1. Of the residues B:Y180, B:Y228, which is more than 9 Å from every other protein chain (Cβ to nearest Cβ) and under 23 Å from B:T157 (Cβ atoms)?
2. Being among the aromatic types (F, W, Y), at pLDDT 80 or above and under 30 Å from B:Y165 (Cα atoms) narrows it down to one of B:F46, B:F65, so name that one.
3. Determine which member of the set B:L101, B:L149, B:L160 is at the interface with another protein chain (Cβ under 7 Å from one of its Cβ atoms) and either touching a residue at least 24 places away in the same chain (Cβ under 8 Å) or under 23 Å from B:P233 (Cβ atoms) (or both).
4. Does A:G84 satisfy being buried (at least 22 other Cβ atoms within 10 Å of the Cβ), within 14 Å of A:A44 (Cα to Cα), more than 14 Å from the chain's Cα centre (by Cα) and not basic (K, R)?
5. Name every residue in segment B:1-56 that is more than 10 Å from chain A (Cβ to nearest Cβ), among the hydrophobic types (A, V, I, L, M, F, W, C) and under 30 Å from A:V12 (Cα atoms), in order of residue number.
6. If you go through segment B:83-127, how many residues are in contact with a helix residue (DSSP H, G or I) (Cβ under 9 Å, 6 or more places away or on another chain), small (G, A, S) and in a helix (DSSP H, G or I)?
7. Among residues belonging to segment A:24-44 that are acidic (D, E) and farther than 30 Å from B:L173 by Cα, point out the one that is farthest from the other protein chains (Cβ to nearest Cβ).
Amino acid sequence: MHMADALLAPAVAATMYVASGTAAGLSVHKLKKDDEPQKLPVMAVTAALVFAGQMINYTIPGTGSSGHMCGGMLLSALLGPQAGFLSMIVILAIQCLFFADGGLMALGANVWNMAFYGCFVGYYLIWRPIMHSRWFGEGKGAQRARIIAASVIGCIVTLQLGAFSVVLETSLSGITELPFGAFVALMQPIHLAIGLVEGLITAAVLVFVFESRPELLRELDAEGQTLPARRSLKAVVAILAVVALLVGGGLSLLASSNPDGLEWALFGNAEEGYAENMGLDEEDFGVSSSVADTAGAIQEKTSFLPDYAFADNDTPVGTTVAGVVGSAMVAGVALLICLAGGFFRKKKKA
Amino acid sequence: MNKMDKALHELGEMDDLAAQDSPIHRLSPLAKLLTTIAYIVTVVSFHKYDLSGMAVMLLFPVLLFQISGIPVRTCFYKLRIVLPLVMAVGLFNPFYDRAPLLTVGSVPVSGGVVSMLSLMLKGVLCLMASFLLIATTPIDSLCAALRKLRLPSMLVTLLLLTYRYVGVMTEELAVMTEAYQLRAPGQKGVHISAWGSFLGQLLLRSMDRAQELYNSMLLRGYHGHFHYAPGRPFGLRDALYTLGCCAAFLLLRFVNVAELLGRLLVR
């Protein structure tokens, strides 16, 4: 689910950085207030473990394929939401910097899609309520059932939210021509299956920890009993509001009779020149309305580095041929630089 | 060689590259970080049909790869992760956007093909830029630069510590995986009966290890903060580099140099 830089528009990437940055700032604030300096090495070692653990292939019985572990849910069950969130940020940063898995500019979006949902939604809305629920009964078996239910439901829900966000961010960036609805229909079922498998693997690891050292899990004591509930309704309400806003906004986009039209109004307005010049079918992009025009005007004013390159060309075909030839020349220059660099390096060694 | 060994190899390779010496390695990490971000933002902001304008941006990483003495091919291995993902999203464009945008010779090329190609180029360029940053900057200097940008010290210390332990943990799991594979020949992954215990065992040991790590940190005088070596100061050269690069990016963003070059040959 790691998004690459190329899949995001700068404005979307910046928004996601602000969102993830806010969550990270709040987490750092909370952890500073708790003042547990011994927690930092635990976070680092666990994060490194999850990083490596995600490379293990788990065989799925009955199929030829294998699954992987879900980091967000495991980290928040072990470290709590804030510490888990920071650990996930670090894991994603290392994956992006050293393994090119996800991009530097897309890091904000990746942190949101994988760490925010996995840790905050996974903990406050799923792990904690399930661990405190009376519905499972008493005893060790009930605790085990709780852990399994929380892991599986947590992984499925957080992965669905993450996949939905990926679709939303990519569509808002205007990267893909795939209609929003089709993209959603493609992504959600795949991630339902992945979420189920990841949930079962995560549950297996957490149940193993529960059997030998239950106090390592959040909300449990050394006897494996659920600790008395600490109320923090504020966090639950805040997270519910954020998720509702996002899912509601996204679904309204989906439910709109012409989702492409909305997309076009929001993000395609600078292309109006094309619709006239290039003979593109305007119906493909939807209709224009006063709302669309206003949104477009706002977008034009706020858009980061608007697109001028094509809009004022009178003879598009003529100039694009020049563009093709010019690009070929650039490639030639790049090759020359490489050759020259190699030549000088050899000389230096000699 | 299993996945973890490969990851360890990649990490080691990056560390080796970052430990070399070149004019680019000697720049302040902050200058490199800012320039890389500016470059990526510029590349991504190009319009989906503006393939020729974007092509010129290729010169920047190629030039820097040569100055820093890092072979370009080292980063192409990493494309295996980026390209399939970008392709999966871009692959639909030719089917949905079929209006012809230009003709090469007598073959019409649709907007979807151009936007797919530009998406792929964006992916390659962004990867090259961030690879260059990390291949010329050791992680501790990068962390010092992040501190200068006022990132919380907790997050930066966590990054540094985690990076240190990623190597340790990956190595440990590589050994465990090899041992497991030797005892379970012909089996592709971890069997369902060991799903929990395989990682769980290591997790329990790691928790004790974290406590030992904390004790050893305390013995070395840790009191909530790490001290970073001051590193190279952000001098005039770094300021000039950053400003020069950003100005060049802006210029290339708005002036289609490839097209101007092409016009020299084609009317």
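The values are calculated or read from the model by the stated rules, or taken from the named source; none is laboratory data. These numbers come from a predicted model, not from an experiment. Please note: Cβ atoms are built from the backbone with ideal geometry, for glycine as well, and neighbour counts cover all protein chains shown.
1. Numbers: B:Y180 fails: under 23 Å from B:T157 (Cβ atoms).
It is B:Y228.
2. Details: B:F46 fails: under 30 Å from B:Y165 (Cα atoms).
From the options B:F46, B:F65, the qualifying one is B:F65.
3. Details: B:L149 fails: at the interface with another protein chain (Cβ under 7 Å from one of its Cβ atoms); B:L160 fails: at the interface with another protein chain (Cβ under 7 Å from one of its Cβ atoms).
Exactly one residue qualifies, and that residue is B:L101.
4. Details: buried (at least 22 other Cβ atoms within 10 Å of the Cβ): yes; within 14 Å of A:A44 (Cα to Cα): yes; more than 14 Å from the chain's Cα centre (by Cα): yes; not basic (K, R): yes.
So A:G84 fits the description; yes.
5. Correct list: B:L30, B:A31, B:L34, B:A38.
6. Residues flagged as in contact with a helix residue (DSSP H, G or I) (Cβ under 9 Å, 6 or more places away or on another chain), small (G, A, S) and in a helix (DSSP H, G or I) within segment B:83-127 amount to 6.
7. First, pick out the residues of segment A:24-44 that are acidic (D, E): A:34-36.
The next check asks that each one be farther than 30 Å from B:L173 by Cα; those that pass are A:34-35.
Numbers: A:D34: 11, A:D35: 9 Å.
Looking at the filtered set, the residue picked out is A:D34.
Table: residues versus (1) touching a Gly at 6+ places or on another chain (Cβ under 8 Å); (2) within 22 Å of A:V205 (Cα to Cα); (3) buried (at least 24 other Cβ atoms within 10 Å of the Cβ).
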| site | (1), (2), (3) |
| --- | --- |
| A:F120 | no, yes, yes |
| A:L178 | no, no, no |
| A:Q188 | no, no, no |
| A:H191 | yes, yes, no |
